[in-house]
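Scroll down for the structure; my scribbles are underneath it.
Coordinate-derived values only; no laboratory data. Since we're looking at a predicted model, the values are computed, not measured. With ideal geometry, Cβ positions are generated from the backbone for all residues, glycine too; neighbour counts draw on all protein chains shown.
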């Protein structure tokens with residue numbers, strides 16, 4: 001399963017180790033699902049994780065980003081999209097999903113995105129987990 005993880009899923013997973021976003025992040029880091037990421041998403045993740053309110057140590061942020069990048073498919077989207085409501089920077093996740101031919105974009109802000117873009121379904125962590133469990137049962 002090729003997926004794109006929104007930054008809010010990454011942050012939630014790092015903040016709450018026993019959460020569903022943490023489980024999904026672990027699947028990606030273990031290679032049980034195939035995460036895709038773009039340079040602009042990595043830059044956003046770096047900026048967001050460095051916000052003081054999260055309290056992450058800068059050294060650990062760098063280590064996490066290096067690990068996440070090494071376990072993900074790095075893509076360079078060729079198209080610029082303008083499909084997201086609310087936060088136009090969310091378009092970078094759809095651009096990455098299109099370039100990577102991802103099946104899922106997992107986000108906590110599903111309302112910002114169209115329900116589907118090309119062959120990518122936009123889903124919550126719960127919806128992704130349910131799809132993952134169903135696929136593993138087959």
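For the chain, set up a Gaussian network in which alpha carbons nearer than 10 Å are linked by springs, and say which option among 80, 124, 23 fluctuates the most.
In the Gaussian network model the winner is 80.
For a footprinting-style exposure proxy, rank 57, 95 by other Cβ within 10 Å, fewest first.
Listing 57, 95 from fewest to most nearby Cβ atoms yields 57, 95.
Test of understanding: ordering 41, 33, 61 by Cβ neighbours within 10 Å, fewest first, what list do you get?
61, 33, 41
Would you kindly state how much longer the chain becomes between residue 30 and residue 66 on full extension, computed as 0.36 nm times their sequence separation minus their alpha carbon distance, in nm to one decimal?
Value of the extension gain: 11.5 nm.
List, largest first, the extents of the alpha carbons of the chain along their principal axes, each in whole Å.
38, 37, 26
So for the stretch 8-71, considering every pair of alpha-carbon atoms, how many percent are separated by more than 14 Å?
57 percent
Return the calculated 222 nm mean residue ellipticity for the chain, to the nearest 500 deg cm²/dmol, obtained by summing -39500 (n - 2.57) across DSSP H runs with n ≥ 4 and dividing by the residue count.
-14500 deg cm²/dmol, from helical runs alone.
How much of the DSSP bridge set in the chain is antiparallel, in percent, rounded to the nearest 5?
15 percent
Let me check against my output: what whole-number percent is the relative contact order of the stretch 1-134, with C-alpha pairs under 8 Å and at least 6 apart?
29 percent
Set the Förster radius R0 to 35 Å, insert the Cβ-Cβ distance between residue 133 and residue 80 as r into 1/(1 + (r/R0)^6), and round the FRET efficiency to 0.05.
0.50
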